[in-house]
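The values are calculated or read from the model by the stated rules, or taken from the named source; none is laboratory data. Only a predicted model underlies this, so the values are computations on that prediction, with no experimental measurement involved. Because the Cβ atoms are built from the backbone with ideal geometry, glycine has one as well, and the counts that use them run over all protein chains shown. We work out accessible area using only protein heavy atoms, side chains counted, and drop any ligands, DNA or RNA first. Shrake-Rupley method; radii C 1.70, N 1.55, O 1.52, S 1.80 Å.
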Amino acid sequence: MAITNFTSLDFDQIKDTLKSYLRSNSTFTDYDFEGSTLSVIIDLLAYNTYIAAYNANMLSNEVFIDSATLRENVVSLARNIGYLPRPRTCAKARISFFIDSSDFPSAPRSITLRKGNVATNTSNRSTGGFTFCVPDDITSTIFQNRATFDDITIYEGTLLNEVFTVDKDIQNQRFILSNIGIDYNTIRVNVRDTFFSNDSITYKMATSITEIDGTSRVFFIQEVEDEKYELIFGDGVFGRELVNDNQIEVSYITCNGADANGASTFKVNGNFYDNNDNLIARNISDVVLIQAANGGSSIESAQSIKNYATRFYSSQGRAVTARDYETIVRNVYPETDSINAFGGEELDPPRFGKVFIAIKPKSGLFLSNTLKDSIKKELRSYAVAGIVPEILDTKFLFIESNVTAYYNPSLAKDAYSVNQSVVRTLEKFADSEQMNMYGSRFRYTNFTTLIDQSDRSITSNITEVRIRRDMRAILNRLAEYEVCFGNQFKILRSSGYNIKSSGFKVSGISKTVYFSDIPGDSGKGELVLITVPEPVLSDVSTDAPPRASAEIVRRRVGTVDYVKGEINISAINITSTEIETNQTIQISTIPRSNDIIGLQDLFLQFDTGESVINVIEDNILSGADPTGNRFITTPSNFDNNVTRSRL
């Protein structure tokens, strides 16, 4: 009789199945399995079956990239489809300094900074400093008794060297770098004919076989066991083949990843030599910081490899769909934190023949124009002819909240502790992945549930959300603006004052003005300028306009599309803004839906600084007011300022 198939990894179920099988045998029909010696044997068999089943289940999981859990196995499976996981990357800083050669007796013509250590940083670590180095020699010509090392990029980490000798007698010889934490972008390879040769040939790292032949001096890399890297050289068909006794000299930087981000104080300690090969150890100026260290990151996680390896394979080294661009840009620019690509045909009006790519870097908010041009140049080798990639700056769509939380005072220490619990919840939510990525969505019910769960004393909450864009004004010039929110606007009042802004001044009006709106038909409206000599509140419970002191001083300054969530501002000369930082005008409104999406190039962020938290005692549940006569109610729409202010 066959044993029943096991349907779960449960010890007791396996044991019961074994007992049922034995009972079906006439020899053990009336046998007592619970108190006999045979029970021990059954336990042993069940345990052995359980372990074998567990191992078989784990083994079957580890052979598929979707279910594998060990990073080493995920890397191996990704390697089968040609995907190279992103390495641990060095934090990079940009600095300048000079060497005064006026009193050098040798009168050198140039000074070279040898590759290796160049500076140390001790400003942001009490346990020790970070070492920064350069992977290549940097030579500066002396001009007017000064060798200037201007805007050089330094890499956090230690420069290490290894040498391999090609031995054709060893079958399947492998060249595995012996250290972990390598940023493979810093690997430099030189090959000499023999140990005694003085000349060497530089080999470049290749990522594709489409543009190389049997004479190309290239090498490939792949990640192997324990987060180490293996160098692979050509076979004479794809890449030049190495011969016996060739010396492979490899240098690379091992780094600490994101730990060194933010380093900003440096002291030069590099090795300098003049053109006469004399060591230079004096007259070195202080460092001028151009950009603090940034861009350091950890090695790609197993989950990230799962997400992008199959996408990379599906792109087949060409950019056709928007998803292809997202995958390829992450390989071209590893410092990508979040990315969204979409075709120009999705815009209104359409812009055919273009693909738009919004990139949020891991450090900072925007990409420099130089970096944008570099990425676009790299993408040209992948893009289909006739498709032009355009890289967009990050546009932030801020979400603000006004939270009124009711709490049971008998379960809380005091109102302040409840308030702080909610604050911590909002801060954690603001840092979550739900917010900090393109294409994300703010889920209102999840948000309010998090508030209810932030403290055991909270009985309920009434939360209002609004959306905000920060518009950077061009001062003292006529300029047009388009401010897109990507979400429909809610028309609270048909009389207007649904759009609110911070204050600013325009040419021809001496007072501070604000943007506001007057709704029209078919989901359209008129944008106007108003002045508010004194604080004015409108009655949101009626359709009555605010008191007369809120005066419209200029009409038809633009249009509002409540359905598309767009504000178009006609040519206007803004002379100053109340928010001086970046000449910013904050524009906010209430969304029609409390579920807010980050459409196309909009990057959702939850702004805790512009959110307000109020806590009120729930006297009904506490028993202080069982009849509810003194219960404080909160209206669901209570933002009744006609200009933008804190909620």
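Each principal axis of the range 384-443 carries a Cα extent, and these read 69, 17, 17 Å when sorted largest first. Per-peptide packing, taken as the mean over residues of other Cβ atoms within 10 Å, places 422-431, 82-91 in the sequence 82-91, 422-431 from highest down. When a 1.4 Å probe is rolled over the protein heavy atoms, the share of accessible surface on the chain that falls to carbon and sulfur comes to 48 percent. Available extension along the chain between Val320 and Glu225 is 30.8 nm, counting 0.36 nm per residue and deducting the alpha carbon span. Near Leu44: Cβ cut-off under 15 Å, other residues only, Lys/Arg at +1 and Asp/Glu at -1. The net charge is 0. The Rg/Rh ratio for the range 300-423, using Cα coordinates for both the radius of gyration and the Kirkwood hydrodynamic radius, is 1.21.
Take the range 117-214 with all the other protein chains still there, run a 1.4 Å probe, and you get 60 Å² of accessible area per residue. In this structure, the amide hydrogen of Ala383, modeled 1.01 Å from its nitrogen in the peptide plane, lies closer than 5 angstrom to those of Ala319, counting only residues at least 5 positions away or on a different chain.
Can you check what the net charge comes to around Thr559, using other residues whose Cβ is under 15 Å from the Cβ of Thr559 (Lys, Arg +1; Asp, Glu -1)? Net charge in that neighbourhood comes out at -3.
Of the trypsin sites (Lys or Arg not before Pro) found in the range 334-412, those that fall in a DSSP loop while having at most 13 other beta-carbon atoms within 10 Å are Arg380. Which of rounded, prolate, oblate describes the range 196-334, given a ≥ b ≥ c as roots of the alpha-carbon gyration tensor eigenvalues and a/c under 1.5 marking rounded, otherwise prolate only if a/b is larger than b/c? Taking the square roots of the gyration eigenvalues as a ≥ b ≥ c, the range 196-334 is oblate. Between Gln303 and Asp235, the distance separating the two model label sites (each 7 Å from Cα on the Cα→Cβ line) works out to 3.8 nm. The calculated FRET efficiency for the pair Gln13 and Glu433, based on their C-beta separation and a Förster distance of 60 Å, comes to about 0.95. Once the Cβ-Cβ distance of Asp348 and Arg592 is raised to the sixth power relative to R0 = 22 Å, the FRET efficiency obtained is 0.75. Using just its DSSP H runs of length 4 or more, each adding -39500 (n - 2.57), the chain gives a mean residue ellipticity at 222 nm of -5500 deg cm²/dmol after division by all residues.
Within the range 233-370, antiparallel bridges make up roughly 90 percent of the DSSP beta bridges whose residues both belong there.
The alpha-carbon of Lys377 sits under 24 angstrom from the alpha-carbons of these lysines, leaving out residues fewer than 8 places away in its chain: Lys92, Lys204, Lys354, Lys360, Lys362, Lys395.
The slack between Arg554 and Ile290, meaning 0.36 nm per residue of separation minus the straight C-alpha distance, is 90.6 nm. Summing charges over all other residues whose Cβ lies under 11 Å from the Cβ of Ala91, with Lys and Arg as +1 and Asp and Glu as -1, gives -1. With a Förster radius of 35 Å applied to the C-beta separation of Asn185 and Thr608, the computed FRET efficiency comes to 0.45.
Within the range 581-623, the percentage of alpha carbon pairs spaced more than 12 angstrom apart rounds to 81%.
Averaging Cα coordinates gives a centre for the range 265-298 and one for the range 391-432; these two points are 45 Å apart. The Stokes-Einstein estimate for the chain, based on a Kirkwood radius over Cα pairs and taken at 25 °C with 0.890 mPa s viscosity, is a diffusion coefficient of 79 µm²/s.
Using a probe of 1.4 Å, the accessible surface attributed to Met58 totals some 60 Å² when neighbouring protein chains are kept in position. Sequentially through the range 402-412, phi angles give Karplus couplings (6.51, -1.76, 1.60; θ = phi - 60°) of 10, 9, 10, 9, 8, 9, 8, x, 6, 10, 10 Hz, Gly and Pro residues having no value and appearing as x. The mean accessible area for residues of the range 248-374, using a 1.4 Å probe and ignoring ligands and nucleic acids, is 47 Å² per residue.
Protection proxy ranking, highest mean first, for peptides 254-266, 552-564: 254-266, 552-564, where packing is the per-residue count of other beta-carbon atoms within 10 Å, averaged.
Leu492 exposes around 50 Å² of accessible area when a 1.4 Å probe is run over every protein chain in place. In the context of the full protein assembly, Leu371 retains an accessible surface of approximately 50 Å², using a probe radius of 1.4 Å and ignoring ligands and nucleic acids.
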